[in-house]
Amino acid sequence: MFNLSVAFRFLKEGRMQTALILIGITLGIAVQVFLNALIMDLQLSLVEDTVGRSPHITATMPDDVPQAAYVPPDGRPALARIVSNEGSLKPIRDWKSVEAQLVKLGAFKVIVPVAQGSGFIRQGEKSLPVILRGFDLERADALYDIRRRLVAGRYEVGGNGILIGRELADKLRTGAGHSLRIAVPSGASDVFPINGVFDLENQALNESWVLVSLNRAQILFGLDQGLTQIELQVPDVFSAAGWAESLRRSFPALKWLSWQETNAQLLAALKGQGSSSYIIQMFVLLSVTLAIASVLAISVVQRSRQIGILKALGMKTRQIGRVFIIQGAVLGFIGSLLGSLAGWGLIAMFTAVQKANPAAGLTSISVRSGAVVLSILIATTAGTLAAFFPARRAARLNPIEVIRNG
Amino acid sequence: MADIELEGIRKVYGTAISTVALRGVDLTVPAGEYAAIIGRSGSGKSTLLNILGTLDRPTEGRMRFEGRDLFAASDDKLAEFRSGTLGFIFQFHYLLPEFNTLENVLLPYRIRHGRADGAAVRRAKELIEKVGVGPRMYNRANNLSGGEQQRVAIARSLINAPRVILADEPTGNLDTETSESVKGLLRAINREFKTTFIIVTHDRHIAAGCDRVIEIEDGSIKRDLSTSELSRDETWAELAPCNCREREDGRLPAAPPA
Ligand SMILES: Nc1ncnc2c1ncn2[C@@H]1O[C@H](COP(=O)(O)OP(=O)(O)OP(=O)(O)O)[C@@H](O)[C@H]1O
Ligand SMILES: [Mg+2]
């Protein structure tokens, strides 16, 4: 109680020093909060760009595992028969029940049953490989956002009607209203009228995707009523791996892959970015801590007279120490509180500038209250720790040194 | 019987060049005594008083308070002893410049009890009025004059109603009139509360008003005078240097003392 009021009085009376160190901490923490929010949002937008318009989890039939042709008495397979499934697609037959169970789980934003296979388009000399994707256009739109990005024709498949990407159309010098002959590996081929042209802002997709109806794809690839895959999206992209894991347990007959498993490189890049951001934040915090420590060390020297009197009047070692520990904690706390506000201001400013200039890409970054609370907690702890050596020095001061010499 | 007993106290300063400040002091101060310590500058008065105040540990020797061996205790125990038992008026009247008069007077109370309740604040105000700095109640300590600071320090030494008050030159910076009133105040407190006083002073007027005068010379007790058996003028004569044996009222005695 008394320690607290002495600590506050010392801070208040050392106005200049207190103000300067608070400005220092405020700037440091503001940078930290801003940087943290910026990096987090950059990562989110990067992830969103990468997986926002693609499935988070995909279910397929597992590849055939080589079967042992001969198992000797000791139980170790000696010969293996390699089965290739190239050309022939293994369909997911009972997908309706799987889908019903997935819907029941309620954890998925989008569920798209897909039947797809490869094909090629012959045009004169050229033979262009394409992917024929069969799905329900309405359901797929929630995942791929195609309707909005249709540049010609109408958003409709059915019968032999197809949609193709802009690059493919350009390459073939064709467009909505024309037709294409497409062949599949089984040898079958047919003529497909182009209902529309889309632009998914992705050259690879625009070049290779040919959208057909689910039913047409099933027939074309001899899948009967089956699918080649089920594509899912979850509300929180980062939960995909966890969901894939639990789906693997619930539906062991299918092969479940999350985007994290297929985008290891992106994940590694995110991790690298994250850890460099942590290192920067750590150094900011370290300099804040050192600044508090040095200001308090100076304060102990400046107030050695007062410390001596207080000890002479009966204040104990620990109480004196606490006076300085409290100062460190208070500086850390108030500084980081102000710093969080300033960081929030920086973020608001940044967002305003970005909004005024949408070409810059990242449109807004947001304050995460959890991260802010964590910063304040860490900075307060750091301030307390920073005060440790100055406090010890104050506690050890011998009052007689002061009493004797005026 | 709050006796203070010193036994063979020696204090040596420094290691390379050592200064012997006290060379074997034995002293007993009974509870309620009003004692003065006098002596030339550098004779060891402050050193002795700081040891009595447990602010400094002697190089050798023991001190007992009510039979308790003090220097065997830890620094924190001594701090507790100080805040509970002792009042200090330092030679350089140390106030905390960050605090105002009232807050300074309350410091020892708050060190001991944490919070100052209404009664403590009332008592502090009373003491401040008593030492005559009432009009400066809320002034910051570093804006007070030397004499005002001295009086605030006196009020501060009294706030915890200590059993022993140690004063180093309590009237050093005061004019004759204030000095007289401070002297009267200390004496009154001694009489009223049986507070033991040990006052280091250069002021013969103060010394003459004490029950006992201890003269220190070169780190030893040269003279230990009990004034209660002497008349005022006899005391005065004892304390006066040889060349100015005037009476307390300033007149020369009729006949030179034997
Ligand atoms: N820290 C120290 N280091 C070395 N010598 C010291 C120290 N403190 C005091 N002394 C010496 O001890 C002796 C006694 O000092 P002390 O302060 O007790 O004198 P004093 O009687 O109070 O003098 P004054 O009347 O001037 O206040 C002096 O010779 C002084 O120089
Ligand atoms: Mg002295």
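State whether the residues of region B:65-73 include one that is touching a strand residue (DSSP E or B) at 6+ places or on another chain (Cβ under 9 Å) and within 16 Å of ligand 1 (Cβ to nearest atom).
Scanning region B:65-73, I find no residue that is touching a strand residue (DSSP E or B) at 6+ places or on another chain (Cβ under 9 Å) and within 16 Å of ligand 1 (Cβ to nearest atom), so the answer is no.
For region A:297-308, which positions are more than 10 Å from chain B (Cβ to nearest Cβ) and open to solvent by 20 Å² or more (accessible area, probe 1.4 Å)? The answer is A:A297, A:I298, A:V301, A:Q302, A:S304.
Could you grab me the full set of residues in region B:60-75 that are within 13 Å of another protein chain (Cβ to nearest Cβ) and either surrounded by 14 or more Cβ atoms within 10 Å (Cβ to Cβ) or closer than 18 Å to B:T28 by Cα (or both)? Across region B:60-75, the qualifying residues are B:A73, B:D75.
Please indicate, with yes or no, whether at least one residue in region A:259-281 is of a type in the set (D, E, K, R), under 21 Å from A:K109 (Cβ atoms) and in a helix (DSSP H, G or I).
For region A:259-281, residues of a type in the set (D, E, K, R), under 21 Å from A:K109 (Cβ atoms) and in a helix (DSSP H, G or I): present.
Total residues in region B:210-235 satisfying the condition of being assigned to a strand (DSSP E or B) and open to solvent by 60 Å² or more (accessible area, probe 1.4 Å): the figure is 4. Does B:V121 satisfy the criteria of being open to solvent by less than 70 Å² (accessible area, probe 1.4 Å), more than 8 Å from chain A (Cβ to nearest Cβ) and within 19 Å of B:L166 (Cα to Cα)? Spelling it out, it is not the case that B:V121 is open to solvent by less than 70 Å² (accessible area, probe 1.4 Å), more than 8 Å from chain A (Cβ to nearest Cβ) and within 19 Å of B:L166 (Cα to Cα).
Do we find a residue being within 30 Å of the chain's Cα centre (by Cα), in a helix (DSSP H, G or I), within 30 Å of A:R393 (Cβ to Cβ) and of a type in the set (V, I, T) anywhere in region A:365-378? Looking for residues that are within 30 Å of the chain's Cα centre (by Cα), in a helix (DSSP H, G or I), within 30 Å of A:R393 (Cβ to Cβ) and of a type in the set (V, I, T), one finds at least one in region A:365-378, hence yes. Only a single item in (1) among the β-branched types (V, I, T); (2) at pLDDT 85 or above; (3) loosely packed, with under 14 Cβ neighbours inside 10 Å is not met by A:I376, and it is number (3).
Rundown of residues vs (1) open to solvent by 70 Å² or more (accessible area, probe 1.4 Å); (2) in contact with a Phe, Trp or Tyr (Cβ under 9 Å, 6 or more places away or on another chain); (3) under 23 Å from B:S83 (Cα atoms); (4) within 15 Å of ligand 1 (Cβ to nearest atom), yes/no style:
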position	(1), (2), (3), (4)
B:G8	no, no, no, no
B:G14	no, no, no, yes
B:T19	yes, yes, no, yes
B:P30	no, no, yes, no
B:E33	no, yes, yes, no
B:T47	no, yes, yes, yes
B:G53	no, yes, yes, yes
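Can you find even one residue in region A:309-323 that is away from chain B (no Cβ under 14 Å) and without any contact (Cβ under 8 Å) to a residue 24 or more places away in the chain? No: region A:309-323 contains no residue that is away from chain B (no Cβ under 14 Å) and without any contact (Cβ under 8 Å) to a residue 24 or more places away in the chain. Of everything in region A:118-134 that's open to solvent by 10 Å² or more (accessible area, probe 1.4 Å) and not charged (D, E, K, R), which residue is farthest from A:A204 (Cα to Cα)? Looking at residues that are open to solvent by 10 Å² or more (accessible area, probe 1.4 Å) and not charged (D, E, K, R), I get A:G124. For B:R187, state whether it is assigned to a helix (DSSP H, G or I), more than 16 Å from ligand 2 (Cβ to nearest atom) and more than 14 Å from chain A (Cβ to nearest Cβ). Yes: the conditions hold for B:R187.
The values are calculated or read from the model by the stated rules, or taken from the named source; none is laboratory data. It should be emphasised that the depicted structure is a prediction, and the values quoted were computed from it without experimental measurement. With ideal geometry, Cβ positions are generated from the backbone for all residues, glycine too; neighbour counts draw on all protein chains shown. These accessible areas exclude ligands, DNA and RNA; they are computed on the full protein's heavy atoms, side chains included. Shrake-Rupley method; radii C 1.70, N 1.55, O 1.52, S 1.80 Å.
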